[in-house]
Amino acid sequence: MKANGSVFKYGDNVDTDVIIPARYLNTPDMQELAKHCMEDIDAGFAQRVKPGDILVAGKNFGCGSSREHAPASIKAAGIACVIAATFARIFYRNALNIGLPILECPAAAQAIRAGDKVEVDFETGVITDAISGDKFQAEPFPPFMQDLIAAGGLGAYMQRRAQA
Amino acid sequence: MAMTMTQKILAAHAGQAEVHAGELIMAKLDLVLGNDITTPVAIGEFPKFGRQAVFDKSKIALVPDHFAPNKDIKAATQCATMRKFAKAQGIENYFEVGHDCGVEHALLPEKGLVTAGDLVIGADSHTCTYGALGAFSTGVGSTDMACGMAAGETWFRVPGAIKVNVKGKFRPHVSGKDLILHLIGLIGVDGARYQSLEFAGEGIEALTMDDRFTIANMAIEAGAKNGIFPVDDQTLAYLKAHGAKEPKVYTADPDAVYEREVEIDLDELEATVAFPHLPENTRKVREAGEIKIDQVVIGSCTNGRIGDLRAAAAIIKGHKVHPDVRCIVIPATQRVWLEAMKEGLLEIFAEAGCVVSTPTCGPCLGGYMGILAKGEKCVATTNRNFVGRMGHVESEIYLASPAVAAASAVAGKLAEPED
């Protein structure tokens, strides 16, 4: 599986309050929430993002609240993959649990620029920046997390586990 | 192999003799928590786990607190979704507004629902609060909550730990909030990412339970998976007084390995404030300069307990809130509200010109009951000062203790309670 898209680039400590402000959390409808995704850090994001685009950020991406609405609204907005130097832990597990592809790669997070065209190969963890020509190797997931991703989320994984 | 206190609790719940940092485990849950924002999403995910009924009706707690009492029609719909699910599933610990309800992390310990040695997950990042009781508790998302409700277990990556050695005694008007803000300033908002904060040292004995709840509550603001306190006589007395189950006391091995150790001398601590827009932007209030404010919020899962209201009332008593300031006091639970009323604290606040609210998370996350306009500044006893957290993206939040918040309300600017 591969992702191929334009990059939206943000800095360190992007928190879940700017990813999806709590004032919109009076609905669990992720398509509705996607209209307000990143609104408090990048007001035009929801209008500019196209299906398959890639979000790149610095360290501690998704810090703050446990709201699953954050990765879910990013996914519903059409983002195919989030690459960050590091992720806050609740965001990390939420992304895996709901099937939003994420990759930790400090070198890519630093070098890739806004607007670059980037290809991500999820099998190998190789990230290629088509503009600069740079290639980066992301941290591979441990086997359990690969199983979780392959199952398509925690619900399917737990059902398979119960049957095994 | 030597283990930290957190690792021992995780090992026991995974049915393993030992666990090591980085290991991925499945562990049994003693309690699964959700609120009116995260539970509706979890209810949507629940069918994906292939079960009709929850794993244990007595081990799930559902609390309408974030946008409750209902702030608008959509919020009312979310609360109704949760209420219907609770009834249909026969959830024993559903707490209705006004019926001994309140802000979840103040409410659960008060109701005796968490005991030492428990493993608790909650679809709310401040679930780490119960580490004050010697439990492992951590915030998760709604899918994890659904998993917990269906299967009674979920996955964990075993954390390493930072040991926080506490010594000395607080000076007057310095409290748990100053300690945790100071610590976050020291190690940063990702300083304990994927780690436990394990508190230790002779200084802990002097910390009240309310101090410990405040400290454990904000472990997440340093990126920690959990914050945890050793169980002592004060913990045991609290658990007994609140009718909690028989505690299981775990202690860190003397030779447990820590990734880092941090020292905090309470004698040296002063009133501390976190400037916008990160909890790590800490300064001593005395060195903060002149910050004129428009609003003060005293409450939340961090600082809405009776000890917090007493500290604020002691400063405000006999004074008036500055004419340019709206001071909003929010007792965290119905029981705290009642105690504050019986002790005369609500009267002190009201006479001084504060408004006293029903228990709710309300303004802390920019929900309602005190939203900030463009350019406004607020001193809050809450836990986050991110961009737009309490309202307009160009508003500012200064995180501080109840004593600092109260002193600031009177002064009309960020103020040191000693003055």
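The values are calculated or read from the model by the stated rules, or taken from the named source; none is laboratory data. Treat the numbers as computed from the prediction; the structure is a model and nothing was measured. Quick reminder, even Gly has a Cβ in these numbers, built from the backbone with ideal geometry, and neighbours come from all protein chains shown. These area figures cover heavy atoms from the full protein model, side chains too; ligands, DNA and RNA do not enter into them. Shrake-Rupley method; radii C 1.70, N 1.55, O 1.52, S 1.80 Å.
Do you know which of the residues in region B:140-157 that are buried (at least 24 other Cβ atoms within 10 Å of the Cβ) and in a loop (DSSP other than H, G, I, E, B) is nearest to the chain's Cα centre (by Cα)?
Selected residue: B:140.
Residue by residue through region A:37-49, note down the ones that are touching a Gly at 6+ places or on another chain (Cβ under 6 Å) and more than 13 Å from chain B (Cβ to nearest Cβ). Break it down into steps so the answer makes sense when it comes.
Of region A:37-49, the ones touching a Gly at 6+ places or on another chain (Cβ under 6 Å) are A:40, A:49.
A:49, the sole residue that qualifies.
Test residue B:263 against the criterion of being outside any loop (DSSP other than H, G, I, E, B), within 21 Å of residue B:193 (Cα to Cα), open to solvent by 10 Å² or more (accessible area, probe 1.4 Å) and modelled with pLDDT of 95 or more, and give yes or no.
Judged against the criteria, residue B:263 is a match.
Quick check, is residue A:14 farther than 19 Å from residue B:36 by Cα, more than 9 Å from chain B (Cβ to nearest Cβ), among the aliphatic types (A, V, I, L, M) and surrounded by 24 or more Cβ atoms within 10 Å (Cβ to Cβ)? Give the derivation first.
On the way: farther than 19 Å from residue B:36 by Cα: yes; more than 9 Å from chain B (Cβ to nearest Cβ): yes; among the aliphatic types (A, V, I, L, M): yes; surrounded by 24 or more Cβ atoms within 10 Å (Cβ to Cβ): yes.
Yes, satisfied.
Out of all the residues in region B:62-84, which are assigned to a loop (DSSP other than H, G, I, E, B), surrounded by fewer than 24 Cβ atoms within 10 Å (Cβ to Cβ) and under 24 Å from the mean Cα position of the chain (by Cα)?
Matches in region B:62-84: B:69, B:70, B:71.
Those residues that are in a helix (DSSP H, G or I) and over 20 Å from the mean Cα position of the chain (by Cα), I need them from region B:311-338; list them, please.
B:313, B:314, B:315, B:316, B:338 - these are the residues of region B:311-338 that are in a helix (DSSP H, G or I) and over 20 Å from the mean Cα position of the chain (by Cα).
Among the residues of region A:104-112, is any in a helix (DSSP H, G or I) and within 11 Å of chain B (Cβ to nearest Cβ)?
No, that holds for no residue.
Does residue A:65 meet the test of being surrounded by 24 or more Cβ atoms within 10 Å (Cβ to Cβ) and modelled with pLDDT of 95 or more?
yes
Can you tell me which residues in region B:373-384 are more than 10 Å from chain A (Cβ to nearest Cβ) and within 20 Å of residue B:407 (Cβ to Cβ)?
If the condition is that a residue be more than 10 Å from chain A (Cβ to nearest Cβ) and within 20 Å of residue B:407 (Cβ to Cβ), then B:376, B:377, B:378, B:379, B:380, B:381, B:382 are the ones that fit.
Anything in region B:366-397 that is open to solvent by 10 Å² or more (accessible area, probe 1.4 Å), not acidic (Asp, Glu) and not in a loop (DSSP other than H, G, I, E, B)? List them, or say none.
Of everything in region B:366-397, those that are open to solvent by 10 Å² or more (accessible area, probe 1.4 Å), not acidic (Asp, Glu) and not in a loop (DSSP other than H, G, I, E, B) turn out to be B:377, B:391.
List pairs: first residue in region B:139-163 and more than 7 Å from every other protein chain (Cβ to nearest Cβ) and under 19 Å from residue B:7 (Cβ atoms), second residue small (Gly, Ala, Ser) and crowded, with 24+ Cβ neighbours inside 10 Å anywhere in the structure, Cβ distance under 6 angstrom, at least six positions apart or on different chains.
B:154/B:148; B:159/B:196; B:161/B:196; B:162/B:192
Among the residues of region A:54-70, write down those that are within 8 Å of chain B (Cβ to nearest Cβ) and either touching a Gly at 6+ places or on another chain (Cβ under 8 Å) or within 18 Å of residue B:225 (Cβ to Cβ) (or both).
A:59, A:60, A:63, A:64, A:65, A:66, A:67, A:68
Pick from region A:139-155 the residues that are facing chain B (nearest Cβ under 7 Å) and assigned to a helix (DSSP H, G or I): which of them is farthest from residue A:87 (Cα to Cα)?
In this case the residue turns out to be A:155.
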